[in-house]
Amino acid sequence: IVGNTRGGTPPPTARPPCPVKPKHLIGAMAANLTKTKPDVLEKLFPDLEPGGHHEPGECRPSERLAIVVPYRNRFDHLHVLLHNLIPVLVRQQLDFTIFVIEQDLPTTFNRGMLFNVGFLEALKSADFDCFIFHDVDMIPLNDRCLYRCAGHPRHLTAGVSKWKYGLPYPEYFGGVVAFTRHQFEAINGDSNLYFGWGGEDDDLQRRVAAHGFKTLRFPAEICRYEMIKHGSDVGNTPNPKRMKLVSTSVERMLKDGLNTTTYEVTKYDKKHLYTWINVFINRTE
Ligand code: UD2
Ligand code: MN
């Protein structure tokens, strides 16, 4: 049922459109938190094409999806995520490619800028329609939570284990979010100015609202996530400027974002499970 993209896959034009409701979903699932080595994982997913790409052999998806994971030094989390997420994406009959955007040391982690880098770099490799920005530690617990884009941006992490499968506040926009290419461009992406923990998710939410977009959400029973428990990371201490920055989100929106993202790609590797892009970000502020 998963289809094989290698060899005998008929060209997209010869395949019928994929159904709106994928047929082989299983619904609620337990998170599999076992640590599995990359070589073992690769063997579990022989149908993936280099760079972590897959498309169904039996039908033609309506969009091309890029999954963008902002990343640094969370090797175990990354492999737990891939182990849980890839089968979901395959069952949802999506045309997807996974991009892991890793920020080089020594500069302080900048999750917002890594979203922008992932967006810009993915578009250099293919014409993606939909972008899902995905924290490395958010494990989906129901495959009916569809990884697709819609007429407005969607916040996928509607229920998170950390908050008893709810959310900390109604405007909360952290975790996993979906944007069409057009939607992300319309708000000039995320801010590049948040070095360190916190605030960049609220900035993004304010951009979305200021542009006049709504924020969509599936029910929390469906888009339910396990957040892998973790301590704080080296190189990502809480950003003391975050409150002040959030208060100026809307006025900065058109001058701080995709149009001002500068970085240097230091490594690019199409691994079996994902496209791995290392970037150096200079801290300017
Ligand atoms: C919350 C939000 C998250 C983000 C963050 C503020 C939830 C569920 N998530 O997460 O979306 O808004 O606050 O910045 O509330 N990362 C690395 N390596 C690092 C640091 C971060 O890979 O050294 C990545 C990774 O994808 C991680 C994400 O950045 O999931 C968010 O960082 P976090 O998990 O430390 O932040 P957390 O759990 O407070
Ligand atoms: Mn986390």
(request) Work through the residues other than residue 16 whose Cβ is under 9 Å from its Cβ and net out their charges, Lys, Arg +1 and Asp, Glu -1. (result) +1
(message) What does the net charge come to around residue 80 if you take all other residues with beta carbon closer than 10 Å to its beta carbon, with K and R at +1 and D and E at -1?
(response) -1
(request) Evaluate the distance, in nm, between pseudo-label points positioned 7 Å from the Cα of residue 13 and of residue 104 along their respective Cα→Cβ axes. (result) 4.3
(request) Measure of size requested: the Rg and Dmax of the range 5-93, with Cα atoms as the atom set and Å as the unit; please supply both. (result) 14.5, 43
(request) Would you look at the GNM of the chain, springs on alpha carbons closer than 10 Å, and say which of 228, 67, 139 moves the most? (result) 228
(request) Over the alpha-carbon set of the range 181-285, divide Rg by the Kirkwood Rh and report the Rg/Rh ratio to two decimals. (result) 1.00
(message) If I stretch the segment between residue 25 and residue 58 completely, what's the gain in nm (0.36 nm per residue apart, minus their alpha carbon distance), one decimal?
(response) 10.3 nm
(request) Give the carbon-plus-sulfur fraction of the accessible surface of the chain in %, rounded to a whole number; probe 1.4 Å, heavy atoms of protein chains only. (result) 56
(message) Angle check, please: helix 200-211 long axis (alpha carbons) against the longest principal axis of the chain (alpha carbons), in degrees 0 to 90, nearest 10.
(response) 90
(request) Calculate, for the chain, the solvent-accessible area per residue in square angstrom, rolling a 1.4 angstrom probe over the heavy atoms of the protein chains. (result) 45
(request) Between 265, 160, 208, find the one with the highest GNM mean-square fluctuation for the chain; connect C-alpha pairs within less than 10 Å. (result) 265
(request) Would you calculate, for the chain, the mean residue ellipticity at 222 nm contributed by helices, counting each DSSP H stretch of 4 or more residues as -39,500 (n - 2.57) and dividing by all residues, to the nearest 500? (result) -7000 deg cm²/dmol
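What is the range 1-103's relative contact order, in percent, from Cα pairs under 8 angstrom and six or more apart in sequence?
The normalised contact order for the range 1-103 reaches 41 percent.
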(message) Give me the extension gain from residue 250 to residue 125: residue separation times 0.36 nm, minus the current Cα-Cα distance, reported in nm with one decimal.
(response) 41.9 nm
(request) Of the options 29, 156, 106, report the single residue whose Cα projects farthest towards the positive end of the charge dipole of the chain (beta-carbon charges: Lys, Arg +1; Asp, Glu -1). (result) 29
(request) With viscosity set to 1.306 mPa s and temperature to 10 °C, compute the Stokes-Einstein D of the chain, Rh being the Kirkwood radius across alpha carbon pairs; µm²/s, no decimals. (result) 83
(message) At R0 = 41 Å, how high is the FRET efficiency between residue 264 and residue 34 if r is their beta carbon distance? Nearest 0.05 is fine.
(response) 0.70
(request) Mind grabbing the base-10 log of I(q)/I(0) for the range 110-166 at q = 0.13 Å⁻¹? Debye formula, identical points on the C-alpha positions, no solvent, two decimal places. (result) -0.43
(message) Please give me the summed charge of the neighbours of residue 214: other residues whose Cβ is under 15 Å from its Cβ, Lys and Arg +1, Asp and Glu -1.
(response) +3
(request) Provide the FRET efficiency to the nearest 0.05 for the residue 211-residue 241 pair, computing r from the beta carbons and using R0 = 22 Å. (result) 0.40
(message) Between residue 220 and residue 232, what is the label-point separation in nm under the 7 Å Cα-to-beta-carbon projection?
(response) 2.7
(message) Residues of the range 73-114 with the amide nitrogen closer than 15 Å to a label point 7 Å from the Cα of residue 271, along Cα-to-Cβ, please.
(response) 73-86, 98-104
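Could you tell me whether the range 93-228 comes out rounded, prolate or oblate from its Cα gyration tensor? Rule is a ≥ b ≥ c as square roots of the eigenvalues, rounded for a/c under 1.5, then prolate if a/b exceeds b/c, otherwise oblate.
rounded
The values are calculated or read from the model by the stated rules, or taken from the named source; none is laboratory data. Because the structure is predicted, anything quoted here is derived from the model rather than measured. Cβ sites come from the backbone with ideal geometry, for glycine too, and all protein chains shown count toward neighbours. Heads up: the accessible areas ignore ligands, DNA and RNA and are worked out on the full protein's heavy atoms, side chains in. Shrake-Rupley method; radii C 1.70, N 1.55, O 1.52, S 1.80 Å.
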